[in-house]
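Participant: First the structure, which I've put down as structure tokens, then a few questions once you've had a look.
The values are calculated or read from the model by the stated rules, or taken from the named source; none is laboratory data. Just so you know, these numbers come straight off a predicted model, no measurement behind them. Using ideal geometry, Cβ is built from the backbone for each residue, glycine included, and neighbour counts are taken over all protein chains shown. Side chains included, ligands, DNA and RNA excluded: accessible areas come from the protein's heavy atoms. Shrake-Rupley method; radii C 1.70, N 1.55, O 1.52, S 1.80 Å.
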Amino acid sequence: MTTFAQLRKAALANPEVVEGAVDGKPVFIVNGREFAGRDTDSRVRLRLPAAEARDMVSQNDTAVHGDGLVYVPVKDINGQALNYWVRRAWLACAPAELAATASAADQVGAGQLGDLPKSIGRPATRALANAGITTLDQVAALSEVDLLALHGVGPRAVRILQEALRTR
């Protein structure tokens, strides 16, 4: 079962997201626009382009489209689908340049970005690309805490990056 914690994690995994609240319920904002949130009826609320909203509603019997938003009970959406639709909502609301950078980062495989080591893995490579980090020199300017704060960069990737910096 999906939870609102999963919604929060999926939303905050995107660059430049600000977490706020409306009526005491969490909302996630990029570029001054809410792209995801929770409403008072235990539903996830997503701002999607019309065609994608229709697609989501057609895939989920309990999803409803109205007021430029799609509402779906959190209990009726699986985690993978939630991650996908939150990302789609973020892409729709993010500034064009940021969305283009993030979309390109989604396509990057391990070892395909600057001089970052392949062994850090694809999730860490994508997370670094999302943050605009493509070289070991840029990694060197960050603390371990900063690296671990990037969704997709775990202790193993940090260890590999630190090792690569030492051997360089």
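Participant: Would you tally the residues in region 1-42 being among the charged types (D, E, K, R) and touching a Ser or Thr at 6+ places or on another chain (Cβ under 9 Å)?
Facilitator: 2
Participant: Name, by its number, the condition in (1) assigned to a helix (DSSP H, G or I); (2) surrounded by fewer than 17 Cβ atoms within 10 Å (Cβ to Cβ); (3) of a type in the set (D, E, K, R) that does not hold for Asp115.
Facilitator: (1)
Participant: Of the residues that make up region 159-168, is at least one within 18 Å of Val44 (Cβ to Cβ) and of a type in the set (Lys, Arg)?
Facilitator: So far as region 159-168 goes, no, none of its residues is within 18 Å of Val44 (Cβ to Cβ) and of a type in the set (Lys, Arg).
Participant: For region 88-110, how many residues are touching a residue at least 12 places away in the same chain (Cβ under 8 Å), open to solvent by less than 40 Å² (accessible area, probe 1.4 Å) and either over 22 Å from Ala36 (Cα atoms) or not in a loop (DSSP other than H, G, I, E, B) (or both)?
Facilitator: Of the residues in that region, 10 qualify.
Participant: Pick from Ser42, Ser58: which is small (Gly, Ala, Ser), in contact with a helix residue (DSSP H, G or I) (Cβ under 9 Å, 6 or more places away or on another chain) and open to solvent by 50 Å² or more (accessible area, probe 1.4 Å)?
Facilitator: Ser42
Participant: Looking at region 1-38 only, could you name the residues that are of a type in the set (A, V, I, L, M, F, W, C), open to solvent by less than 40 Å² (accessible area, probe 1.4 Å) and in contact with a Lys or Arg (Cβ under 6 Å, 6 or more places away or on another chain)?
Facilitator: Hit for region 1-38 is Phe35, nothing else.
Participant: Can you tell me which residue within region 61-87, out of those that are small (Gly, Ala, Ser) and surrounded by fewer than 17 Cβ atoms within 10 Å (Cβ to Cβ), is farthest from Asn14 (Cα to Cα)?
Facilitator: Among those that are small (Gly, Ala, Ser) and surrounded by fewer than 17 Cβ atoms within 10 Å (Cβ to Cβ), it is Gly66.
Participant: All but one of (1) more than 20 Å from the chain's Cα centre (by Cα); (2) under 21 Å from Ala13 (Cα atoms) hold for Glu163; which doesn't?
Facilitator: (2)
Participant: Could you give every pair whose Cβ atoms fall below 7 Å, whose first residue belongs to region 23-52 and is among the basic types (Lys, Arg), and whose second residue is at pLDDT below 90 and open to solvent by 50 Å² or more (accessible area, probe 1.4 Å), counting only separations of at least 6 or pairs across chains?
Facilitator: Every condition considered, the pairs that remain are Lys25/Thr40.
Participant: If you scan region 120-159, which residues turn out to be in a helix (DSSP H, G or I), farther than 25 Å from Asn83 by Cβ and open to solvent by 20 Å² or more (accessible area, probe 1.4 Å)?
Facilitator: Asp137, Gln138, Ala140, Glu144, Arg159
Participant: Next question. Restricting attention to region 101-127, report how many residues are aliphatic (A, V, I, L, M) and at pLDDT 85 or above.
Facilitator: 3
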